[in-house]
Amino acid sequence: MGISIRAYARERGVSDAAVRKAIKAGRITPEPDGTIDPARANREWAHNTDQAQQRSSVRAVPNEALSTVRDTVSDASAGLSGGTTLLQARTANEVLKAQTGKVRLARLKGELVDRAQAVAHVFKLARAERDAWLNWPSRVSAQMAAELLVDPHTLHITLERAVRDHLTEMTEIQVRID
């Protein structure tokens, strides 16, 4: 006398419908009383089942998802490299859903700005600053020349050259936008 179909299905990790289907297909044989001998059924199941037609229990998880899980959970001991388990895949999925939801919420609250608009705004501010510096010698050179008792034209040319040299030095700074 063996165990019931449902008990065998639980032990095997499949549905009882899968066990009934295996019996109907002749891959496993029940005892005369309708129960299942687990040891014999496992041997028959392994021998009579075409592995090419079986679903894989391990699904591929993108490396980005795994790295996000590692960064978020900060658990280096979890060993999320190579073959992943279904639990790890579900964890990665849930973390990505949570992060996506967090970004959506921040966007709805107005806490995020559009990158293209921000870059355009910074460019506009930098250009206005540059133009202000280029106009500065024209505005102050006459007043400074009068205070220093020097030729206004010479002072204007000197200030303009110094400002242009300074702006040229500033253009050599490489700003990186990530």
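The values are calculated or read from the model by the stated rules, or taken from the named source; none is laboratory data. Being a predicted model, the structure only gives us computed values, none of them experimental. All Cβ positions, glycine included, derive from the backbone under ideal geometry; neighbour counts span all protein chains shown. Each accessible area value is taken on the protein alone, full model and side chains, heavy atoms only, with ligands, DNA and RNA left out. Shrake-Rupley method; radii C 1.70, N 1.55, O 1.52, S 1.80 Å.
Filtered by the rule that a residue be of a type in the set (Val, Ile, Thr) and open to solvent by 90 Å² or more (accessible area, probe 1.4 Å), the stretch 103-139 gives Val113, Val122. Restricting the stretch 110-128 to residues that are among the charged types (D, E, K, R) and modelled with pLDDT under 90 leaves a set whose member that is nearest to Arg176 (Cα to Cα) is Arg115. Being more than 18 Å from the chain's Cα centre (by Cα), hydroxyl-bearing (Ser, Thr, Tyr) and modelled with pLDDT under 90: is that true of Thr72 here? Judged against the criteria, Thr72 is not a match. Among the residues of the stretch 18-36, count how many are touching a strand residue (DSSP E or B) at 6+ places or on another chain (Cβ under 8 Å) and either part of a loop (DSSP other than H, G, I, E, B) or surrounded by fewer than 17 Cβ atoms within 10 Å (Cβ to Cβ) (or both). Going through the stretch 18-36 one residue at a time, the tally reaches 3.
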